[in-house]
1. Which residues, taken from segment 134-151, are surrounded by 14 or more Cβ atoms within 10 Å (Cβ to Cβ) and either modelled with pLDDT under 95 or over 22 Å from residue 61 (Cβ atoms) (or both)?
2. Please work out if residue 66 is within 22 Å of residue 183 (Cα to Cα), surrounded by 13 or more Cβ atoms within 10 Å (Cβ to Cβ), in contact with a strand residue (DSSP E or B) (Cβ under 7 Å, 6 or more places away or on another chain) and modelled with pLDDT of 95 or more.
3. Taking residue 165, is it at pLDDT 95 or above and outside any helix (DSSP H, G or I)?
4. Which condition from (1) in contact with a helix residue (DSSP H, G or I) (Cβ under 7 Å, 6 or more places away or on another chain); (2) at pLDDT 90 or above; (3) surrounded by 13 or more Cβ atoms within 10 Å (Cβ to Cβ) is the one that residue 126 breaks?
5. Note down all Cβ pairs under 9 Å where the first residue falls in segment 199-222 and is at positive phi and in a loop (DSSP other than H, G, I, E, B), the second is surrounded by 14 or more Cβ atoms within 10 Å (Cβ to Cβ) and at pLDDT 85 or above, and they're at least six residues apart or on different chains.
6. Got a number for residues in segment 175-188 being in a loop (DSSP other than H, G, I, E, B) and in contact with a strand residue (DSSP E or B) (Cβ under 8 Å, 6 or more places away or on another chain)?
7. For segment 152-174, give me each residue that is more than 26 Å from the chain's Cα centre (by Cα) and surrounded by 12 or more Cβ atoms within 10 Å (Cβ to Cβ).
């Protein structure tokens with residue numbers, strides 16, 4: 001995680017036990033429980049007052065997570081994500097101050113498990129205000145075993161791909177001639193690919209080989 005708090009979040013368990021030796025042996029209950037939690041995060045469209053901020057149009061996200069625009073934006077239909085019984089999902093809430101650690105007081109592994117789940121919103125769904133530009137929607141899952149790999153089924157939710165830059169292109173060449181576009185089409189010929197293009201007049205979103213953009217920064221969707 002880029003967030004310093006999230007990448008170093010500490011959860012402590014203060015077990016109430018009569019046997020000091022047993023207390024030492026069980027002192028990592030909370031840490032092991034936290035290792036079971038995995039997440040996947042999405043940027044989403046969001047309204048702020050009368051303005052709409054689209055997930056594909058977040059410039060810091062292109063810079064931080066898409067190799068300065070040379071990566072790809074995968075666009076999913078949120079309603080088609082296949083959430084399982086062990087999944088929990090909601091929007092991230094952004095606050096001025098977020099604690100970096102949490103303390104629990106329990107007598108058993110089961111108690112720690114229940115306490116983390118009860119406080120899941122507090123632990124997993126609050127971030128500091130400076131991350132608000134991510135407009136994050138997050139899914140978490142508790143794995144059955146510590147360090148198991150878990151996966152979210154997005155096979156029916158992928159709607160299209162947006163490309164911005166491609167280092168394989170020569171000056172003046174279209175994104176549709178580049179390596180990234182060809183690579184996507186080799187994987188799925190039917191998957192729509194859009195181009196997020198920038199210039200003197202702002203940013204625009206284009207279909208493949210169109211006459212006019214379908215979206216402009218100052219005019220919205222057409």
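The values are calculated or read from the model by the stated rules, or taken from the named source; none is laboratory data. Since the model is a prediction, treat every value here as computed from it, not as a measurement. Please note: Cβ atoms are built from the backbone with ideal geometry, for glycine as well, and neighbour counts cover all protein chains shown.
1. 141, 142, 143, 150 - these are the residues of segment 134-151 that are surrounded by 14 or more Cβ atoms within 10 Å (Cβ to Cβ) and either modelled with pLDDT under 95 or over 22 Å from residue 61 (Cβ atoms) (or both).
2. Numbers: within 22 Å of residue 183 (Cα to Cα): yes; surrounded by 13 or more Cβ atoms within 10 Å (Cβ to Cβ): yes; in contact with a strand residue (DSSP E or B) (Cβ under 7 Å, 6 or more places away or on another chain): yes; modelled with pLDDT of 95 or more: no.
No, not satisfied.
3. No, not satisfied.
4. With respect to (1) in contact with a helix residue (DSSP H, G or I) (Cβ under 7 Å, 6 or more places away or on another chain); (2) at pLDDT 90 or above; (3) surrounded by 13 or more Cβ atoms within 10 Å (Cβ to Cβ), residue 126 is out only on (1).
5. 209/174; 209/176
6. Residues flagged as in a loop (DSSP other than H, G, I, E, B) and in contact with a strand residue (DSSP E or B) (Cβ under 8 Å, 6 or more places away or on another chain) within segment 175-188 amount to 1.
7. The initial filter retains those residues of segment 152-174 that are more than 26 Å from the chain's Cα centre (by Cα), namely 168-174.
Correct list: 168, 169, 174.
Results for (1) farther than 18 Å from residue 128 by Cα; (2) surrounded by 13 or more Cβ atoms within 10 Å (Cβ to Cβ); (3) at pLDDT below 80; (4) touching a strand residue (DSSP E or B) at 6+ places or on another chain (Cβ under 9 Å), shown as yes or no for each residue.
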| site | (1), (2), (3), (4) |
| --- | --- |
| 17 | yes, yes, yes, no |
| 21 | yes, no, yes, no |
| 26 | yes, yes, yes, yes |
| 32 | yes, yes, no, no |
| 53 | yes, yes, no, yes |
| 56 | yes, yes, no, yes |
| 73 | yes, yes, no, yes |
| 85 | yes, no, no, no |
| 94 | no, yes, no, yes |
